[in-house]
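Participant: Here's a structure for you.
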Ligand code: RM4
Ligand code: MN
């Protein structure tokens, strides 16, 4: 065994970790076959934020909530900010949604019609105005743009229009605001996607400037992709801005992070740490991008942030000196063993004790179940339309 660290050597770094929650995780979601409702599901953005705040109260890990516009549109974002702060959380990333409007059938920021491109750019301007009211620093752009059939549109012209649209949006940001461009290799477009991979995102954001970075959604890669390599490369280039964590078995499943492949999550977090991603001035932000189609949503989010925390703790336990030595000696099996020793370490008891020492529930999942809060919400939130996609 090569895990010499004591747990108390890694708690300072662990204490720095925060994981942003997506407001949409608390609304109903589903597949194209069926969206199931759950008793107690929020009816509006205020209730979604209250649920996110509950996750933070239970774990101390999730101090910010990401919003999706227009899903979370409200009249008064200053009031929404105060509502969040009253509950002990802050508003985080603003996600610009340009994928549910009829006009965007053939694209948004890449559209060939200047009027539709204008409308899409203006939507991002509105998101930036919202960021001023909420105090958010990140504008996240994920586009559904792409084509379904070869020849449908010019791949090159779309890329050029995208660059021009992004430049206008970037120009509009303040000096403390960032733009993060997310990539996804397919869906809803099936032949080509306008930002399919990290290289395209990197090329586009590099043309913009220092405050334009890439967002890596762990579910947005083809099966078998070495995601930790991409993490390393983007960090090496100073362009990894944020993560959308989730896990996938087949497509963009948006399941609980660390559920499908805990070892992959470990490998990703190891690269984050090895490249300084948990340092005090790290540009890398952690966010969840998940949906809870059949499980309860608040405990689903609690489980998710705990999975990230547990795997971060294990990745922090890698004996770096032993690893360096084994690598220098080309000790293939020895180096691999150093990594596996950390991965196989059960950090749960130590984390439970540490949580208790910080005034948090030792076992957040159990504490939430025992609190009766889920029943309370089901009784309180009667009537009205439950929030969901759209
Ligand atoms: C996309 C992408 C975005 C998310 C939407 C809901 O696939 O992952 O980050 O905001 O889904
Ligand atoms: Mn995402």
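Read the figures in this text as sums done on the coordinates, not as results from a lab. Computed from a prediction, not measured in an experiment: that's the story for all the values here. Note: ideal-geometry Cβ built from the backbone for every residue, glycine included; neighbour counts use all protein chains shown.
Participant: What pairs come up if the first residue lies in the stretch 233-250 and is under 13 Å from residue 285 (Cβ atoms) and in contact (Cβ under 8 Å) with a residue 12 or more places away in the chain, the second is in a helix (DSSP H, G or I) and within 16 Å of ligand 2 (Cβ to nearest atom), and their beta carbons are under 6 Å apart, counting only those six or more places apart or on different chains?
Facilitator: 240/234
Participant: Please tell me if residue 175 is under 25 Å from residue 218 (Cα atoms), surrounded by fewer than 17 Cβ atoms within 10 Å (Cβ to Cβ), more than 20 Å from the chain's Cα centre (by Cα) and away from ligand 2 (no atom under 16 Å from the Cβ).
Facilitator: On the way: under 25 Å from residue 218 (Cα atoms): no; surrounded by fewer than 17 Cβ atoms within 10 Å (Cβ to Cβ): yes; more than 20 Å from the chain's Cα centre (by Cα): yes; away from ligand 2 (no atom under 16 Å from the Cβ): yes.
Answer is no for this residue.
Participant: Going through the stretch 324-365 one residue at a time, which ones are within 25 Å of the chain's Cα centre (by Cα), part of a loop (DSSP other than H, G, I, E, B) and in contact (Cβ under 8 Å) with a residue 12 or more places away in the chain?
Facilitator: Result: 347, 360, 361.
Participant: Kindly indicate whether residue 290 is touching a helix residue (DSSP H, G or I) at 6+ places or on another chain (Cβ under 9 Å), within 30 Å of residue 180 (Cα to Cα), in a helix (DSSP H, G or I) and in contact (Cβ under 8 Å) with a residue 60 or more places away in the chain.
Facilitator: On the way: touching a helix residue (DSSP H, G or I) at 6+ places or on another chain (Cβ under 9 Å): yes; within 30 Å of residue 180 (Cα to Cα): yes; in a helix (DSSP H, G or I): no; in contact (Cβ under 8 Å) with a residue 60 or more places away in the chain: yes.
Taking the combined requirement at face value, the residue does not satisfy it.
Participant: Considering only the stretch 354-390, state which residues are within 16 Å of ligand 1 (Cβ to nearest atom) and out of contact with any strand residue (DSSP E or B) (no Cβ under 6 Å at 6 or more places or on another chain). Walk me through it before giving the result.
Facilitator: Going residue by residue through the stretch 354-390, those that are within 16 Å of ligand 1 (Cβ to nearest atom) are 387-390.
Listed by number, the residues that qualify are 387, 389, 390.
Participant: Follow-up question, since we're still on this one. Report the residue count in the stretch 121-158 for those that are loosely packed, with under 15 Cβ neighbours inside 10 Å and either within 16 Å of ligand 1 (Cβ to nearest atom) or assigned to a loop (DSSP other than H, G, I, E, B) (or both).
Facilitator: 6
Participant: Say whether the condition of being in contact with a strand residue (DSSP E or B) (Cβ under 7 Å, 6 or more places away or on another chain) and closer than 21 Å to residue 258 by Cα is met by at least one residue in the stretch 307-322. Let's see the steps before the verdict.
Facilitator: Going residue by residue through the stretch 307-322, those that are in contact with a strand residue (DSSP E or B) (Cβ under 7 Å, 6 or more places away or on another chain) are 308.
Subset that is closer than 21 Å to residue 258 by Cα: 308.
For the stretch 307-322, residues in contact with a strand residue (DSSP E or B) (Cβ under 7 Å, 6 or more places away or on another chain) and closer than 21 Å to residue 258 by Cα: present.
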